[in-house]
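Novice: There's a structure below that I have some questions on.
Read the figures in this text as sums done on the coordinates, not as results from a lab. Remember, predicted model here, so these are calculated numbers, not experimental data. Positions of Cβ are generated from backbone atoms using ideal geometry, with glycine treated the same way; all protein chains shown enter the neighbour counts.
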Amino acid sequence: MKVRRVLAVGAHPDDVELGCGGTLALYRRMGAEVVIASVSCGDKGSRELSREETVRVRKEESERAARIIGASYISLGLMDSEIFESLEDRAKVIELIRKVRPDVIITHSPSDYHADHRTTSVMVSHSSYIATSFKFETQSPPLSWVPPVYYMDNYLGVNFVPEEYVDITDVVDIKKDMVLQHKSQFPHLKERSGEDILEDMLILARLRGRQSGVEFAEGFQVFRAWPHVRTYRLLP
């Protein structure tokens, strides 16, 4: 099956680039349309800037990162660290899926470290099926198919065993450039918890590459629930 449209949904700006930026770059090389979405606006991602200024900066960073591979970026605008699966927010995710009409969805693993990540994983997984319901009304029409869902790796791979790997050796520099667009997060995360998101991304990519016999790779799990499962490979 030819993948024509891919939707990658993270909880925060920069989550998708860190988790599956290389795979998205490969999808674009294959000619697929790629949409990167964040459920939250990332308003709490700075100590120095106001929340309003942080939202503006992080939106611009996300748009720059998406443009590197010719993707588009959408934010659902929820507040950082305040993502819950309410009916209203589930409807926003369903509308996102219906608007993009993806052949493949990528999102967080339900075992990831951040509460926002775990809730996003559940909302996207649930919404991918409900998006086909004629009686659940949103602005866009329901889908006539249930998109398969892939879970991208947890941060530093903790509590995540990949089922499929994608060789990103040829595009790892593109992934690095995407991550580097999120300049506001480097000092913020370093000061808050000692994270170096670029170095951590490369460490994990090398580990997954070593596991799969290449230099750099990204790992994925499949959301194994009827009727999402396919008998053929959809990842690049």
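Novice: With 10 angstrom as the radius, rank CYS41, CYS20 by how many other C-beta atoms surround their C-beta, starting from the fewest. If you can, show how the numbers build up before the last one.
Specialist: Working: CYS41 23, CYS20 29.
Result, fewest neighbours first: CYS41, CYS20.
Novice: Another question, then. Let me make sure I get this right: for the range 5-222, a, b and c are the square roots of the gyration tensor eigenvalues over alpha carbons, sorted descending. Under 1.5 in a/c it's rounded, otherwise prolate if a/b > b/c, else oblate. Which is it? Working shown, then result.
Specialist: Working: a/c = 1.58, a/b = 1.16, b/c = 1.36.
It is oblate, given that a/c is not under 1.5 and a/b is not larger than b/c.
Novice: Expressed in nm to one decimal, what extension gain is obtained for the pair TYR113 and LYS44 from 0.36 nm per residue of sequence separation less their Cα-Cα distance?
Specialist: On the way: separation 69, 0.36 × 69 = 24.84 nm, distance 1.72 nm.
So the chain would gain 23.1 nm between TYR113 and LYS44.
Novice: Arrange THR119, THR23, THR132 by Cβ neighbour counts within 10 Å, fewest through most, would you?
Specialist: Listing THR119, THR23, THR132 from fewest to most nearby Cβ atoms yields THR132, THR119, THR23.
Novice: Please compute the net charge surrounding ARG224, taking Lys and Arg as +1 and Asp and Glu as -1 over other residues with Cβ under 13 Å from its Cβ. Display every interim value, and only then the final one.
Specialist: Numbers: positive: ARG230; negative: GLU163, GLU164.
Local net charge: -1.
Novice: Provide the FRET efficiency to the nearest 0.05 for the TYR232-VAL158 pair, computing r from the beta carbons and using R0 = 25 Å.
Specialist: Numbers: r = 30 Å, r/R0 = 1.20.
It comes out at approximately 0.25.
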